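Just below is one structure, and these are the notes that go with it.
The values are calculated or read from the model by the stated rules, or taken from the named source; none is laboratory data. This structure is a prediction, so every number in the text was calculated from the model and none was measured. Cβ atoms come from the backbone with ideal geometry, glycine included; neighbour counts cover every protein chain shown.
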Protein chains: 2
Amino acid sequence: MNKKTTIYDIAEKLNITAATVSRALNGNTKISEATRKLVNDTAKEMNYEQNKLALALKSGKSFNIGVIVPRIDSNFFASVIRGIEEELYPHGYHVIICQTHDQENLEIENINSLLNAQVDGILMSISNAKLETSEHFQKLLRKGVPLIFFDRKKDIPGVSSVTIDDFKGAYDATKHLINQGCKRIAHLSNNREMQIFKNRYLGYKQALIDSGIEFDESIVIETMSKVLEGRKTTKLLLNMNYPPDAIFSSSDFTALGAIEEIKAHGLKIPEDVSVVGFSNEPFTRFMELSITSVDQSPIEMGRIAAKVFLEEANNSKKIKSEKRVVLSPELIIRDSSLKLKN
Amino acid sequence: MNKKTTIYDIAEKLNITAATVSRALNGNTKISEATRKLVNDTAKEMNYEQNKLALALKSGKSFNIGVIVPRIDSNFFASVIRGIEEELYPHGYHVIICQTHDQENLEIENINSLLNAQVDGILMSISNAKLETSEHFQKLLRKGVPLIFFDRKKDIPGVSSVTIDDFKGAYDATKHLINQGCKRIAHLSNNREMQIFKNRYLGYKQALIDSGIEFDESIVIETMSKVLEGRKTTKLLLNMNYPPDAIFSSSDFTALGAIEEIKAHGLKIPEDVSVVGFSNEPFTRFMELSITSVDQSPIEMGRIAAKVFLEEANNSKKIKSEKRVVLSPELIIRDSSLKLKN
DNA sequence: CTGTTAGCGCGTTCAT
DNA sequence: ATGAACGCGCTAACAG
């Protein structure tokens with residue numbers, strides 16, 4: 001375990017000063033070509049490598065950014081992170097991952113922890129919008145650390161965000177069902193204190209209204225994003241006096257549960273009941289009865305969030321202008337809703 | 001954007017020395033209760049937070065560890081990372097993510113980059129075992145930076161690893177097919193320069209031999225882990241003069257392709273052809289015709305890899321003992337191979 | 001118990 | 001073009 005060589009080591013060997021070595025290595029102009037070459041050569045020879053930690057302490061930039069997500073083992077978040085990493089790596093940044101498991105206290109803890117680690121910015125998807133305290137976010141703003149929300153955001157002045165147009169995604173999905181001839185479309189919703197679920201709900205509602213279809217609150221049911229929960233809720237719907245002929249789900253997992261339950265009731269998909277999910281999880285494509293879903297282009301979302309961060313980081317802190325990027329979702333039509341083959 | 005307060009700020013305010021502040025904050029015993037309380041109170045009051053960067057430079061420990069994977073948006077790797085993060089977070093470590101996209105040069109680059117960032121250890125899954133140069137790994141050893149392989153490893157003296165028993169996983173899967181009455185079992189293999197695929201191949205082979213079934217190299221075909229590739233290879237197999245009545249695939253994706261192709265040929269699963277995959281990807285469970293697969297317990301793998309790292313990190317660098325943990329895989333039997341209902 | 005000094009490795013004045 | 005000195009924020013060694 002040999003000690004790492006520092007600029008002092010190579011300075012000593014060359015009987016010059018560490019400052020000169022530093023200058024030579026960093027391409028400072030005021031240096032003779034001779035010593036530059038000499039320094040570079042011996043640096044290579046001695047396997048010198050810059051200690052970014054010292055640089056970070058000196059410059060105040062760690063070239064680390066923190067990414068906080070509810071959990072990483074979901075295709076959506078993993079893909080966003082992939083996009084972030086790919087965009088940031090060429091710029092010399094490293095990505096630190098934190099998970100909140102939807103626990104607010106962990107979210108706060110993670111932010112503080114990342115702050116102590118002197119990250120240059122934080123990109124995150126909020127775990128829960130219920131709580132009023134945005135104190136931990138304000139803290140970031142005060143410290144001048146760029147904060148960027150993706151997907152699950154909160155409206156805070158001065159904070160940029162990258163989301164998809166959930167309203168449009170839901171609107172398009174519902175319109176599609178209507179165009180396929182569906183007359184009574186149920187909605188498996190989710191905690192509408194989160195903007196994404198609220199907007200999906202509103203998009204669904206508006207599509208109905210625009211098409212002159214009665215909006216019936218009784219067939220809008222909050223359902224946790226789990227297959228089994230989807231089954232349960234669907235069972236309720238199918239046992240109603242006036243059951244739906246289509247289900248628009250705010251989650252692919254509940255959509256899958258819905259499909260299972262519909263089949264269990266001996267009904268046909270899409271003929272008797274059509275189903276549309278949300279997120280375009282990989283499995284929706286793989287199913288024998290493939291599932292129509294709304295794609296959120298997560299990798300792209302990550303890339304853009306990263307770009308927004310880079311802009312803010314290089315903005316030499318002029319005006320704290322916030323940027324709100326809204327990506328357009330794409331409806332991927334598959335078997336579970338395609339009644340009319342053109 | 002207020003400057004961060006340092007121990008000097010609070011020392012100045014209290015007319016004491018920064019060293020004393022440091023001691024008070026760190027629970028050093030040789031300090032009066034009075035000043036301790038005073039320091040702690042004013043620290044809180046001034047919103048003091050320790051700069052881990054300075055600590056890292058001083059101590060040589062950054063409390064960051066690097067995780068290198070081919071890509072993060074695969075359920076397996078994402079789950080391993082989840083396990084790592086969850087295990088390490090309570091110990092104060094942060095996890096830095098790097099992707100190689102199976103490019104060897106990126107693998108080397110990532111290691112160097114992480115090294116410059118002074119990570120305390122590297123946990124990784126190798127991208128490609130072809131190349132002979134393990135120079136970048138030796139470098140880590142020389143520097144005394146713990147290196148731990150998970151899943152895709154390389155045998156290097158002094159390097160610990162956490163893997164599953166791929167041989168057993170394949171052996172059990174093949175035995176299961178034999179027990180179901182299958183007589184001619186094909187194998188969708190993959191690049192066998194990687195230990196995991198080599199061992200799966202060997203386990204498959206051994207199970208055949210142990211059961212007195214002829215091993216036929218012509219129905220072992222290397223296939224990239226893609227659905228479409230699985231279809232192509234399966235087409236070849238089904239068009240043979242003596243086609244297989246079962247397929248053991250080293251990947252769930254090729255298994256899925258196989259299933260699609262078998263159905264396209266008008267054959268029934270599992271009656272005509274049984275299929276077993278590997279990895280227990282989420283979709284294998286969700287399919288209407290669920291797919292039998294071998295579970296690798298990725299979260300557990302990540303947790304254990306993290307624990308091995310912690311041991312090495314705290315081992316006060318005595319003997320460079322390597323640890324090779326081999327987890328037992330679990331065969332999850334589902335529709336695609338269950339002919340005999342008990 | 002507390003202050004003084006020094007150093008982790010680097011870049012950056014200010015001189016020369 | 002180069003050297004000397006300093007500071008980033010913190011802890012540890014040595015005094016007292």
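For the reader, a short list of remarks on this structure follows.
- Residue in the stretch A:48-59 that is nearest to the chain's Cα centre (by Cα), counting only those that are at the interface with chain B (Cβ under 9 Å from one of its Cβ atoms) and of a type in the set (Gly, Ala, Ser): A:ALA56
- Selection of first residues in the stretch A:111-127 that are farther than 11 Å from A:LEU140 by Cα and more than 7 Å from every other protein chain (Cβ to nearest Cβ) and of second residues that are among the small types (Gly, Ala, Ser) and in a helix (DSSP H, G or I), restricted to Cβ pairs under 8 Å at least 6 apart or on distinct chains, gives the following pairs, ordered by first then second residue: A:LEU123/A:ALA305; A:LEU123/A:ALA306.
- Among the residues of the stretch A:9-24, none is identified as near DNA strand C (Cβ under 7 Å from one of its atoms) and more than 15 Å from A:LYS58 (Cβ to Cβ).
- In summary, no strands (runs of 3 or more DSSP E) completely within the stretch A:185-300 bear 1 or more residues that are of a type in the set (Lys, Arg) and at pLDDT 95 or above.
Residue by residue, here is whether (1) among the acidic types (Asp, Glu); (2) within 14 Å of another protein chain (Cβ to nearest Cβ); (3) in contact with a Gly (Cβ under 6 Å, 6 or more places away or on another chain) holds:
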position: B:ASP155; (1), (2), (3): yes, no, no
position: B:VAL162; (1), (2), (3): no, no, no
position: B:ILE196; (1), (2), (3): no, no, no
position: B:ILE221; (1), (2), (3): no, no, no
position: B:MET224; (1), (2), (3): no, no, no
position: B:ARG231; (1), (2), (3): no, yes, yes
position: B:ALA246; (1), (2), (3): no, no, no
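- Test for A:GLY27: is it outside the structural domain of A:LEU123 (by TED's automatic domain parsing) and more than 8 Å from DNA strand C (Cβ to nearest atom): yes
- Just one of the listed residues (B:ILE126, B:ILE122) is part of a loop (DSSP other than H, G, I, E, B) and within 14 Å of the chain's Cα centre (by Cα), and it is B:ILE126.
- Some residue of the stretch B:75-86 being within 13 Å of DNA strand D (Cβ to nearest atom) and basic (Lys, Arg): no
- Residues considered: B:GLY169, B:GLY181. Of these, the only one that is more than 27 Å from A:THR6 (Cβ to Cβ), assigned to a helix (DSSP H, G or I) and not aromatic (Phe, Trp, Tyr) is B:GLY169.
- Meets criteria (polar (S, T, N, Q), touching an Asp or Glu at 6+ places or on another chain (Cβ under 9 Å) and not assigned by TED's automatic domain parsing to the domain that holds A:GLY302) for A:ASN199: yes
- Checked against the criterion of being more than 14 Å from DNA strand C (Cβ to nearest atom), at the interface with chain A (Cβ under 7 Å from one of its Cβ atoms) and of a type in the set (A, V, I, L, M, F, W, C), the candidates B:VAL69, B:VAL80, B:VAL95 yield just one match: B:VAL95.
- Subset tally (residues that are loosely packed, with under 12 Cβ neighbours inside 10 Å, more than 8 Å from DNA strand D (Cβ to nearest atom) and of a type in the set (A, V, I, L, M, F, W, C)) for the stretch B:1-26: 1
- Residues located in the stretch A:85-119, provided they are polar (S, T, N, Q), assigned to a loop (DSSP other than H, G, I, E, B) and at pLDDT 95 or above: A:THR100, A:GLN118
- Considering residues of the stretch A:146-204 that are within 22 Å of the chain's Cα centre (by Cα) and aromatic (Phe, Trp, Tyr) only, the residue farthest from A:ILE332 (Cα to Cα): A:PHE149
Okay, residues lined up against (1) hydroxyl-bearing (Ser, Thr, Tyr); (2) surrounded by fewer than 17 Cβ atoms within 10 Å (Cβ to Cβ); (3) without any contact (Cβ under 8 Å) to a residue 40 or more places away in the chain:
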site: B:GLY212; (1), (2), (3): no, yes, yes
site: B:ILE221; (1), (2), (3): no, no, yes
site: B:LEU238; (1), (2), (3): no, no, yes
site: B:ALA255; (1), (2), (3): no, no, no
site: B:GLU261; (1), (2), (3): no, no, yes
site: B:PHE286; (1), (2), (3): no, no, yes
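Rundown of residues vs (1) in contact with a helix residue (DSSP H, G or I) (Cβ under 8 Å, 6 or more places away or on another chain); (2) small (Gly, Ala, Ser); (3) touching a residue at least 12 places away in the same chain (Cβ under 8 Å); (4) surrounded by 13 or more Cβ atoms within 10 Å (Cβ to Cβ), yes/no style:
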| position | (1), (2), (3), (4) |
| --- | --- |
| A:TYR48 | yes, no, yes, yes |
| A:LEU53 | yes, no, no, yes |
| A:GLY60 | no, yes, yes, no |
| A:ILE84 | yes, no, yes, yes |
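- Which numbered condition A:LEU115 fails, given (1) under 15 Å from the mean Cα position of the chain (by Cα); (2) crowded, with 19+ Cβ neighbours inside 10 Å: (1)
- Residues satisfying the stated conditions in the stretch A:257-314, i.e. within 12 Å of another protein chain (Cβ to nearest Cβ), within 19 Å of A:MET124 (Cβ to Cβ) and charged (D, E, K, R): none
- Test result for A:PHE248, closer than 24 Å to B:ARG285 by Cα and crowded, with 16+ Cβ neighbours inside 10 Å: yes
- Here the stretch A:27-47 is the region considered, the condition is being part of a loop (DSSP other than H, G, I, E, B) and away from DNA strand D (no atom under 12 Å from the Cβ), and the residue that is nearest to the other protein chains (Cβ to nearest Cβ) is A:ASN47.
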